[in-house]
């Protein structure tokens, strides 16, 4: 059986053309149509159990928990990219303050 997958916006009508279609239409929202699935093999049982416990404590399924964690992980820059941004900002601003001087200024602002 063939299925035509048609991405649709909410409230949008879908036209059906029998000569161009398999006869079965599965309508998906744009968000459902444009996501990837990831399979991770060989996860140790202890790691899976810990992640499942964390998911349960947060009131989410393991899938929901891992999805949120992966999105957050992808949102954060890699350490090398972050270091490059910091170095570029330092070059751009011509800052020559040492770490100790910066921390001293922060401490002074707190008083």
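The values are calculated or read from the model by the stated rules, or taken from the named source; none is laboratory data. This is a predicted model, so every value here is computed, not measured. Using ideal geometry, Cβ is built from the backbone for each residue, glycine included, and neighbour counts are taken over all protein chains shown.
Before moving on, here are some points about what is shown:
- For region 32-47, the candidate set comprises residues that are at pLDDT below 85 and within 18 Å of residue 69 (Cβ to Cβ); within that set, the residue that is surrounded by the most Cβ atoms within 10 Å (Cβ to Cβ) is 35.
- Against the test of being modelled with pLDDT of 90 or more and assigned to a loop (DSSP other than H, G, I, E, B), the options 11, 59, 15 yield a single qualifying residue, 59.
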